[in-house]
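Heads up: the structure comes next, in structure tokens.
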Amino acid sequence: MNHGLQGTDLSKAHLLGSFMTFTRTFFELRTGREFQISNPIGRESHFITIAKALKRVFNGECKRLIINVPPRYGKSELMLNFVAWSLANYPDSNFIYTSYAQSLAALQTQTIRDIMSMSYYKAMFGVEVDPDAKARDDFRTNYGGRVFAAGAGGPITGRGAGIKGVNRFGGCIIIDDAHKPEEVSSDTIREKVNEWFYNTLQSRTNDNTTPIIAIGQMLHEDDLLANLRKVVDDNGKPIWEVICLPALDGAYNALYPEMHTKEALIEMKRISPYVFASQYQQNPLPAGGGIFQKDWFVELDTEPKILSTFITVDTAETDKTYNDATVFSFWGIYKIDFRGIDSGLYGLHWLDCKEIRVEPKDLENEFYDFYTTCMRYKVRPSTAAIEKKSTGVTLCSSLSKVPGLRILDVERTKAGGSKTARFLECQPYVAAKRITLPKGARHAEMCSLHCSKITANDTHRHDDIADTMQTAIQCALIEGTLLPVENRQDEVMDALVTQMNQISYLRQRI
């Protein structure tokens, strides 16, 4: 059934007619690996579902498309090949490819350029990248088509997508991850992206028939994709068609079992429910929902074997009760075991916590009182981690003279993400019940109740106690800078033994 087509022409017809054939062919040519189609139970492969939706856009059957799919599920690979495939069919098409950062968008358009620069692509379709267009984020074809990359909030002056007045596909606007997950909880940053779309990006279509495709995760109940879902026409009908692909369906079948099994997804849901609900299920929890659940904080009848201890401090400005308090927390690090078996994981035992509201001038004396109490414990604290801000800077300077106490400045920067993002980073450690408290201790109920009130949209009144917990988890469990010295010594010794064995082996060979 070659309909008179022979050799190269037949291959060209298959490639131009089938987006998935094109994707699988050029993925293998570019990477040397076979493009694996997922095989979920009870539903078609998400690759096929997305490919069908993109084909409908190409055929002019859909002008506004939202695709919600979990991260690392091949969405960008499909979008990049869609652009290259569209240009093989209509090389005069104009595309604007956007992401939350210009550098990321440029990386994607570089891949599009790489595909189009392959000798097989050029020989098969007769389409080439204009050799005079050197940029990876703004290049033309030999037929006048164009691909331009932009970051959310960035300028798009003089650029447009689509072709005016043509009765077929002429390119589109693609939004591949509008928000950075670590920043979407910030109202200011999130609203800036939303405003950029409405005030800038959507006006860059060259014709009223030019499609717009938005693909990514539902990260927040008020992010760009959530807002676009609410847009309706004069008859109340939604303007945007939505393809929603949760990682687990109603029967708990995995969408992409080759990437994440059913069991792995259920475990993700258990240890990080907020991230799982948004990024994997496309159903973000209400922004006012609690990040930490009270029953995640386990109270122990018997104290674990404490290997080392440290203090974390969150300072405040005044003694007014409507402001955040100053909080001192005392922590013990221990190895978690299950029925006598070493798990290889460390836990934090919240030995003590003190919340006070004092004037900055009294802060140093209050710390010494708390430190003196901690020094009576059988394992004395060797480090105090203090957030480097206003009164905290002054306290760090004052305590630097205390013999035997290391002062660890904890610096918060924009690059480290918002406070909510840092709390969400800690959520899996708390959900895994690696933060424990002494049963019946005076601070146990106070700490667990306080942390259970922390919300993702900052509607909680205070977060001072949770701040000291976040610092402890970051320094001890995430970065590992406060792990017991003997643990690091063991690692060094293991490395030396390995090196000596290698040297001995080489000598024998010689």
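Per the listing ASP249, ASP222, the residue uniquely assigned by TED's automatic domain parsing to the domain that holds THR98, within 21 Å of PHE47 (Cβ to Cβ) and touching a residue at least 60 places away in the same chain (Cβ under 8 Å) is ASP249. Taking every residue in region 53-78 that is polar (S, T, N, Q) and pairing it with any residue that is assigned to a helix (DSSP H, G or I), at least 6 positions away or on another chain, the pairs with Cβ-Cβ distances below 8 Å are ASN68/LEU225; SER76/GLN108.
The listed residues are ASN59, ASN81, ASN94, and the only one of them that is in contact with a Gly (Cβ under 6 Å, 6 or more places away or on another chain), among the polar types (S, T, N, Q) and modelled with pLDDT of 95 or more turns out to be ASN94. Within region 202-216, the set of residues being closer than 30 Å to ALA456 by Cα and modelled with pLDDT under 95 comprises just one member, GLN202.
Go through the residues of region 75-96 one by one and say whether even a single one is among the aromatic types (Phe, Trp, Tyr) and in a helix (DSSP H, G or I). Scanning region 75-96, I find at least one residue that is among the aromatic types (Phe, Trp, Tyr) and in a helix (DSSP H, G or I), so the answer is yes. If only residues of region 169-186 that are in a loop (DSSP other than H, G, I, E, B) and among the aliphatic types (A, V, I, L, M) are counted, the one that is nearest to THR98 (Cα to Cα) is ALA178. Taking region 252-292 as the range and being within 30 Å of LEU449 (Cβ to Cβ) and without any contact (Cβ under 8 Å) to a residue 40 or more places away in the chain as the test, the residues that pass are ILE266, GLU267, MET268, LYS269, PHE276, ALA277, GLN281. Per this entry, TYR377 is not counted among residues that are among the hydroxyl-bearing types (Ser, Thr, Tyr), at pLDDT 90 or above and assigned to a helix (DSSP H, G or I). Scanning region 97-120 for residues that are assigned to a helix (DSSP H, G or I) and polar (S, T, N, Q), we see that the one that is farthest from the chain's Cα centre (by Cα) is SER119. When THR391, THR372 are checked against the criterion of being touching an Asp or Glu at 6+ places or on another chain (Cβ under 8 Å) and of a type in the set (Ser, Thr, Tyr), THR391 stands alone in meeting it. Of the strands (runs of 3 or more DSSP E) lying entirely inside region 226-333, those containing at least 3 residues that are buried (at least 19 other Cβ atoms within 10 Å of the Cβ) and modelled with pLDDT of 90 or more are 306-314. Applying the set (1) under 30 Å from TYR252 (Cβ atoms); (2) touching a residue at least 60 places away in the same chain (Cβ under 8 Å) to PHE19 leaves exactly one unmet item: (1). Exactly one residue out of PHE297, PHE292 is of a type in the set (A, V, I, L, M, F, W, C) and under 19 Å from the mean Cα position of the chain (by Cα), and it is PHE292. Exactly one residue out of SER76, SER119 is within 24 Å of VAL184 (Cα to Cα) and assigned by TED's automatic domain parsing to the domain that holds GLY153: that is SER76. Specify the residue that is nearest to LEU224 (Cα to Cα); the eligible residues are those in region 46-85 that are touching a Leu at 6+ places or on another chain (Cβ under 9 Å) and small (Gly, Ala, Ser). Filtering region 46-85 for residues that are touching a Leu at 6+ places or on another chain (Cβ under 9 Å) and small (Gly, Ala, Ser), the one nearest to LEU224 (Cα to Cα) comes out as ALA53.
The set of residues in region 140-182 that are out of contact with any Asp or Glu (no Cβ under 8 Å at 6 or more places or on another chain) and hydroxyl-bearing (Ser, Thr, Tyr) contains only THR157. Of the residues in region 280-288, at least one is among the aliphatic types (A, V, I, L, M) and outside the structural domain of TRP331 (by TED's automatic domain parsing). For ASP176, state whether it is modelled with pLDDT of 95 or more, in contact with a Lys or Arg (Cβ under 9 Å, 6 or more places away or on another chain) and charged (D, E, K, R). Yes, satisfied. Exactly one residue among GLY392, GLY440 is farther than 17 Å from SER308 by Cβ and exposed (fewer than 14 other Cβ atoms within 10 Å of the Cβ), and that residue is GLY440. In this structure, VAL127 does satisfy being out of contact with any Lys or Arg (no Cβ under 9 Å at 6 or more places or on another chain), assigned to a loop (DSSP other than H, G, I, E, B) and touching a residue at least 24 places away in the same chain (Cβ under 8 Å).
Flag set for ARG204, criterion: crowded, with 19+ Cβ neighbours inside 10 Å and among the basic types (Lys, Arg). For first residues located in region 392-412 and assigned by TED's automatic domain parsing to the domain that holds CYS374, partners that are of a type in the set (Asp, Glu) and lie 6+ apart or on another chain with Cβ distances below 6 Å form the pairs CYS396/ASP409; SER398/GLU364; VAL410/GLU387.
The values are calculated or read from the model by the stated rules, or taken from the named source; none is laboratory data. Source: prediction; values computed, not measured. No Cβ is skipped: glycine too gets one built from the backbone with ideal geometry, and neighbour counts run over all protein chains shown.
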